[in-house]
């Protein structure tokens, strides 16, 4: 393939390190100017490609691009938008091709999770099915850690570190206060379907009695009686109980706790958040004073406490994606391959997009203790290396200095507009 | 005064740096062994003094005591317990004296906020009123920053930094997602009566358009219509709106928002947390998708992102308290005195406990913008130095290494038990 331009887009929920992958893509492409001309980024992900709203990353300096490595969230805007199948919406594919042809794009890099890799896979078939030659490489990203094949997902290690650090700190707090005040602390974390993030809280418990004493996973239906017994034992033994609850926890009927219509002591329906539901459940049965926190976006944006392992891997998959593309490998995604646990060693591998798209990886049952309330040693061995190392951003006036790119638009070349329903 | 033992206790809600004050007290006392014998800490604050549950801090190594400087929360346990007046509960004071006499305690250091300094003040009067010679020095601590006289309170700078960093990071996240998903992000922070913590979020907004676009203070009654207009303008101009809301925000009737019985679209009462109430209000009127977070204990325990200024000041007030005591100064509290804004320079001053006890310092009206939704330049000038500098704890295996002291009990000398109702 002669020299072509590249397209890069961010997709789905952003992470503390997805911009590190963008950095890996752009810096690596800039080293191969003989093969890759411009790197265009989609403004708001794939929507930018469909609406011909492309960003010329070449207009930002080497220093600004380097700063992406320590900047959280999606520097070009991300989108929750899934391409339909070729048969269902051929017009979208034809539009994509028109935009790529107009801007001489031969490389397509798509940075996202399971849904997004489904889109990558569809785009990778454009050459064969619609005759437009394209090399499409997916780049893994998701705080949920639920992509198959890859040992772990860039973005997860940092949210894992945030959760482990936060529950350790909050538990020190509640332990100090337990004599006369709060005895129960509940931290709600992300993970609608898979309990990986909640599991990471378990890393804070390094020896017997350490917090968190209880973890609630979406994989395990909530047994209220068993939970209450476990919590009460912890309070009686350690004076307090620190709990990490996944937002995806369900009751025995399979309903999300946060939507299960639990009523408090006053008969009011309790809405929004699994943490207050759990806290109130404990209060109403055991009478312990509680506090709860919902970390929400703070956890996945917390670049200030990112895992160095995660940052390194996020950069590496971006870099590898470009290297795969230069080797002409279409329809693949770089993966993280674990070479050993102790010492932790990893390398870049490769997966076929066809095998990645739309497959969710749940917590194996043997990663969760028999009683369903904590992680096993096997799980700990898997998770521990992923939060290792600190990679602090630069600070000025006490605040982290994150970059906001210029994001200068590439002049449009197409006359036709294209409407995207969001 | 000849050589005497010292008593130190932590009181009220703990902070990321109250242990740095403990470190200052103990390390300084250890340098004056000719004057101060043992430093006993109250297990669970003043309750330890009343129940003769004293901890011998001398049983912990110099390294362990030094590690207090980077360990959040209360290493000896804190308590929410306010001594009644001498007339109301003379038995408590007689018990305190009995314990102090039994353990040859001549110095009393009490580390806490407004309520706690009321207790310090009462204890400082024991010599005059009950004939037991004691030197009592208060040590300021409160995330709420609401103590009078002192320019600021140790504990506040770190929660301020946490809030400013967190809203900046979360706003980067929501800004990336706003095209197709979340447009509103609401972060709830502490501050039941005073808006200092919410105000600190404003530091993240360094230039026009920066997040947070809206801050809601307990000092300003919520005007729903004005809020909705402000939020809508932000979304239309910047694509999103990031909001910091104090837990203490009240509606026009003076009711806490979190308890105001707001109902969601389904007619369900909304309970617990001002953030979901604000988010739901915006959703129901403007239709924007939202996310919300409640930081709760995470914010005041977040030693991993503590302000260096705050850590230094927390240590300094602990050290100064001992130095005041050695000079025979009873019934005082070290303060932070601001010498200049730029460059920021501070020194230790002194306040009389009589002037500190039970006085709350609210945000001056001219620290809040006219429209009530942000901080003024004057406020920024005051707050900015307090979050400056990073002071990272040591890490091992990706987790901060916080110390847990041995907390070995001093053998009891009194026969009589004393019941404390908590």
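Since every read-out is calculated from the coordinates, none of them should be taken as a lab result. Just so it is clear, the structure is predicted and the values come from calculations on it, not from any experiment. Here the Cβ positions follow ideal geometry from the backbone for every residue, glycine too, while neighbour counts run over all protein chains shown.
Can you sort B:34, B:104, B:56 from fewest to most other Cβ atoms within 10 Å of each residue's own Cβ?
The order, fewest Cβ neighbours first, is B:34, B:104, B:56.
Per 0.36 nm of contour for each residue apart, how much would the distance between residue B:82 and residue B:341 grow if the chain were fully extended, relative to their Cα-Cα spacing?
Answer, rounded to one decimal: 89.7 nm.
Which chain A residue puts its Cβ closest to the axis that rotates A onto B, and at what distance in whole Å?
A:294, 2
I need the inter-copy label distances for residue A:210: point set 7 Å along Cα to C-beta, values in nm with one decimal, smallest first.
Nearest first, the other copies' label points are 3.7 nm away.
If we sort B:219-225, A:192-198 on the protection proxy, mean other Cβ atoms within 10 Å, highest first, what's the order? Before the final figure, lay out the partial values.
Values: B:219-225: 16.7, A:192-198: 24.1.
The peptides rank, most packed first, as A:192-198, B:219-225.
Would you kindly compute the Cα radius of gyration of segment B:10-168 and its largest Cα-Cα separation (Dmax), both in Å?
Gyration radius and largest Cα-Cα distance of segment B:10-168: 16.0, 55 Å.
Between helix A:308-326 and chain A, what is the angle of the helix's C-alpha long axis to the longest principal axis, kept within 0 to 90° and rounded to the nearest 10?
20
Using a label point 7 angstrom from Cα along Cα-to-C-beta, what distances in nm, from shortest up, separate residue B:408 from the other copies?
So the label point of residue B:408 gives 6.9 nm to the other copies.
If you take each beta carbon of peptide B:284-296 and count the beta carbons of other chains within 10 angstrom, what is the mean?
Other-chain Cβ atoms within 10 Å of each residue's Cβ, averaged: 4.
Round to a whole angstrom and tell me the spacing of the C-alpha centers of segment A:34-110 and segment A:156-224.
38
If we restrict to alpha carbons, what Rg and Dmax does segment A:161-215 come to, in Å?
In Å, with Rg to one decimal and Dmax whole: 11.5, 37.
Roughly how compact is chain A, stated as its Cα Rg over 2.2 N^0.38 Å to two decimals?
Dividing the Cα radius of gyration by 2.2 N^0.38 Å gives 1.05.
Gap in Å between the Cα centre of segment B:298-313 and the Cα centre of segment A:352-421?
Answer, in whole Å: 27.
Taking beta carbons within 10 Å but only from partner chains, what does the mean come to for residues A:382-390?
3
What does the average come to when, for each residue of peptide B:301-307, you count the partner chain Cβ atoms lying within 10 Å of its Cβ? Before the final figure, lay out each step's value.
On the way: counts 13, 7, 5, 10, 8, 0, 1.
Other-chain Cβ atoms within 10 Å of each residue's Cβ, averaged: 6.
Ranked from highest to lowest mean number of other Cβ atoms within 10 Å per residue, what is the order of the peptides B:140-147, A:66-73?
The most tightly packed comes first, giving B:140-147, A:66-73.
Go ahead and collect, in residue order, the members of segment B:144-187 whose backbone nitrogen is under 18 Å from a label point 7 Å along the Cα-Cβ direction of residue A:407.
B:168-185
Given R₀ = 22 Å, FRET efficiency for residue B:396-residue B:59 by Cβ-Cβ distance, to 0.05? Display every interim value, and only then the final one.
Details: r = 24 Å, r/R0 = 1.09.
Calculated transfer efficiency: 0.40.
Give the calculated FRET efficiency between residue A:30 and residue A:421 to the nearest 0.05, with a Förster radius of 41 Å applied to their Cβ-Cβ distance.
0.70
Shortest first and in nm with one decimal, please list how far the residue B:63 label point sits from its counterparts in the other copies (point 7 Å along Cα→Cβ).
Spelled out, the distances from residue B:63's label point are 4.2 nm.
Averaged over every viewing direction, what's the projected area of the C-alpha convex hull for segment B:156-301? Give it in nm², one decimal, please.
Across all orientations, segment B:156-301 yields a mean hull projection of 8.0 nm².
Please work out the Kirkwood hydrodynamic radius for the protein assembly as shown, using every pair of different C-alpha atoms, and report it in angstroms with one decimal place.
Details: mean 1/r = 0.0357 Å⁻¹.
Roughly 28.0 Å, rounded to one decimal.
Taking only the alpha carbons of segment B:90-140, what extent do you get along each of the three principal axes, in Å, biggest first?
Here the spans come out as 27, 20, 16 Å, largest first.
In what order do B:281, A:216 fall by count of nearby beta-carbon atoms within 10 Å, going from fewest to most?
Listed from fewest to most nearby Cβ atoms, that is B:281, A:216.
How big is the convex hull of the Cα atoms of segment A:3-67, per residue, in Å³? Provide the component values of the computation, followed by the final result.
On the way: hull volume 4.9 nm³, N = 65.
It comes to 76 Å³ per residue, whole-number rounded.
From the P(r) of segment B:185-249, could you give the percentage of C-alpha pairs in the tail past 17 Å?
Here the tail beyond 17 Å accounts for 38 percent of pairs.
At 0.36 nm per residue, and after removing the present C-alpha to C-alpha distance, how many nm does the segment from residue B:253 to residue B:94 gain when stretched out fully?
That pair, residue B:253 and residue B:94, stretches by 52.7 nm at full extension.
In percent, what relative contact order does segment B:156-301 have, based on Cα pairs under 8 Å that are 6 or more apart in sequence?
30
If you line up the long axis of helix A:114-124 against the longest principal axis of chain A, both from Cα atoms, how many degrees apart are they, to the nearest 10?
Helix A:114-124 sits roughly 10 degrees off the main axis of chain A.
P(r) for segment A:277-422, please, calculated from all Cα pair distances in 10 Å bins and given in %.
Spelled out per bin, shortest first, that is 8, 18, 30, 25, 13, 5, 1.
Taking 25 Å as R0, compute the FRET efficiency from the Cβ-Cβ separation of residue A:327 and residue A:355 and round it to 0.05.
After rounding, the FRET efficiency stands at 0.85.
Let me have the relative contact order for chain B, percent, based on Cα pairs under 8 Å that are six or more residues apart.
Numbers: 974 pairs, mean separation 96.9, N = 422.
This gives 23 percent for chain B.
Given only helices, namely DSSP H runs of n ≥ 4 each adding -39500 (n - 2.57), what is the per-residue ellipticity at 222 nm of chain B, to the nearest 500 deg cm²/dmol?
When only DSSP H runs of four or more count, the value is -10000 deg cm²/dmol.
Using the count of nearby Cβ atoms within 10 Å as a rough guide to exposure, how do B:206, A:188 rank from fewest to most?
B:206, A:188
Please state the shape class of segment B:347-387: rounded when a/c is under 1.5, otherwise prolate if a/b exceeds b/c and oblate if not, all from the C-alpha gyration tensor. Could the numbers behind the result be given before it?
On the way: a/c = 3.96, a/b = 1.70, b/c = 2.33.
Taking the square roots of the gyration eigenvalues as a ≥ b ≥ c, segment B:347-387 is oblate.
Going by alpha carbons, how many degrees (0 to 90, nearest 10) lie between the helix axis of A:18-30 and the longest principal axis of chain A?
Once rounded, one gets 20 degrees.
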